[in-house]
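The values are calculated or read from the model by the stated rules, or taken from the named source; none is laboratory data. Bear in mind that the values here come from a model prediction, so they are computed numbers and not experimental data. FYI the Cβ positions are ideal-geometry reconstructions off the backbone, even for glycines, and counts take in every protein chain you see.
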Amino acid sequence: MATIKDIADQLHFSVSTISKGLNGASDISEKTRRLILDAAMKMGYIPKQSQRLGAGLTRICVFIENMDYERVEQFGYDIILGFKLEAASERWDVSIVPLAMNRKSECGYEDYMRANHYAAGFLLGFRLHDDWLAQIERTNVPTVLLDNVVYRKNVACVGVDNQQGIFYAVEHLAGLSHRKIALLNGEADSCVSRERLAGFRLGMEKCGLTVQKELVADGDDKAEGTGGVVRKFIREGATAIVCASDLLAHRVLCELHRASLRVPDEVSVTGFDDLPLASYTTPSLTTVRQDRLAIGKNVCKVLVQLLGGNSVSRLLLAPELVVRESTGRPKPEPGSKK
């Protein structure tokens, strides 16, 4: 079993630096903290106060569908990392179970949990129409959902405030004098997409702007349709495009480059998530950051409450707008005063 000294030797850091990284100290950089947490997970580090024989460990199952999580640049990576680190401090035995997207489960959720002796579950990436989500509306198993809402005593939702995040993006663009702002949202059947659309509408209303139906579109996992949507937005006069994810924003940047439109001189673009790629796009991407490591840790804190018999409905973390190079003031219209 790895110790703090083992991690220090592996990374060539001092033991005190490793300790700070593991305990969330504010006087080390984000890059260093990530290196430490990543190494700790890969080496199987468990906090000393949590080390004990496996017998009696609380078993928790994490189900993942339609979400990448195995590499640092993927959305689910930090969520799982934060969850595992916090779970170790609770002396939980965590299983990660990827599920085939939209495949009907061979057995019921509660049957599966009971058969495998799991005390609680955490579900990531499930769409609203999925088979198990319908079952969770009736479950007695303590369960946390990421960004999906089920009103049930034993079930809680943890995530970022999606409405507030998109509101921030619209407010930022309106403050730069954009008046025709488009939204490229996520999939229509997603709870997250509904909340982000609500945030877009609220932001436009608060800034005295009109939502044009021609400037709102749903996105999906396929890149092929992005070009047509972007071209339509430009034809309709959009000077800024709010995207519901950094991956969608990256596609939009590529399409604008193909159309020889400069960002942000001719079109501004914002994303959502603050994935590592947001810092390395050309230009670097203005985006809404959600602290995915904190989300993972807070899922554990909510599960503690549910396992203790306390009901929790929703825990929403505040998002943060990260302004980079992909947003700027729109070009003055011909004949207008600068």
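Do we have any residue at all in the range 246-269 that's in a strand (DSSP E or B) and either at positive phi or assigned by TED's automatic domain parsing to the domain that holds Lys213 (or both)?
yes
If the requirement is being within 19 Å of Ile79 (Cα to Cα) and out of contact with any strand residue (DSSP E or B) (no Cβ under 6 Å at 6 or more places or on another chain), which of these qualifies: Arg251, Arg292?
Testing whether each residue is within 19 Å of Ile79 (Cα to Cα) and out of contact with any strand residue (DSSP E or B) (no Cβ under 6 Å at 6 or more places or on another chain) leaves just Arg292.
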Notebook entry, point to check: So which strands (runs of 3 or more DSSP E) stay within the range 138-203 end to end and still have 1 or more residues that are within 26 Å of Cys61 (Cβ to Cβ)?
Noted result: 143-146, 155-160
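Name the residue, out of Glu205, Glu195, that is over 21 Å from Glu236 (Cα atoms) and either out of contact with any Asp or Glu (no Cβ under 7 Å at 6 or more places or on another chain) or hydroxyl-bearing (Ser, Thr, Tyr) (or both).
Values: Glu205 fails: over 21 Å from Glu236 (Cα atoms).
One residue alone meets the criteria, Glu195.
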Item checked: Residue count for the range 238-250, restricted to those that are in contact with a Gly (Cβ under 8 Å, 6 or more places away or on another chain) and either more than 23 Å from Gln164 (Cβ to Cβ) or not hydrophobic (A, V, I, L, M, F, W, C) (or both) -> 3
Check: For Val263, are the conditions met, namely being within 30 Å of Val155 (Cα to Cα) and either in contact with a Pro (Cβ under 7 Å, 6 or more places away or on another chain) or among the aliphatic types (A, V, I, L, M) (or both)?
Finding: no
Next item on the list: Test Ile28 against the stated conditions and say whether it is at pLDDT below 90, aliphatic (A, V, I, L, M) and either outside the structural domain of Thr281 (by TED's automatic domain parsing) or in a strand (DSSP E or B) (or both).
Entry: yes
Next item on the list: Scan the range 70-90 and give yes if some residue there is without any contact (Cβ under 8 Å) to a residue 40 or more places away in the chain and touching a Lys or Arg at 6+ places or on another chain (Cβ under 8 Å), otherwise no.
Entry: no
Margin query: If I go through the range 185-213 residue by residue, how many of them are surrounded by 14 or more Cβ atoms within 10 Å (Cβ to Cβ) and either over 17 Å from the mean Cα position of the chain (by Cα) or without any contact (Cβ under 8 Å) to a residue 60 or more places away in the chain (or both)?
Written below: 17
Note to self: Yes or no: the range 269-283 includes at least one residue that is touching a helix residue (DSSP H, G or I) at 6+ places or on another chain (Cβ under 8 Å), among the β-branched types (Val, Ile, Thr) and surrounded by fewer than 19 Cβ atoms within 10 Å (Cβ to Cβ).
What the structure shows: yes
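Conditions tested, residue by residue: (1) touching a Gly at 6+ places or on another chain (Cβ under 7 Å); (2) modelled with pLDDT under 90; (3) within 21 Å of Val160 (Cα to Cα).
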| residue | (1), (2), (3) |
| --- | --- |
| Glu65 | yes, yes, yes |
| Asp68 | yes, yes, yes |
| Val72 | no, yes, yes |
| Phe75 | no, no, yes |
| Glu90 | no, yes, no |
| Pro98 | no, yes, no |
| Gly108 | no, yes, no |
| Asn116 | no, yes, no |
| Ala119 | no, no, no |
Check: Take the residues of the range 123-144 that are modelled with pLDDT of 90 or more and surrounded by 23 or more Cβ atoms within 10 Å (Cβ to Cβ): which is farthest from the chain's Cα centre (by Cα)?
Finding: Pro142
Next item on the list: Can you run down the residue pairs with Cβ atoms below 9 Å, 6 or more apart or on separate chains, where the first is in the range 11-25 and outside any loop (DSSP other than H, G, I, E, B) and the partner is surrounded by 13 or more Cβ atoms within 10 Å (Cβ to Cβ) and polar (S, T, N, Q)?
Entry: Leu11/Thr17; Leu11/Thr32; Thr17/Thr32; Lys20/Thr32; Gly21/Thr32
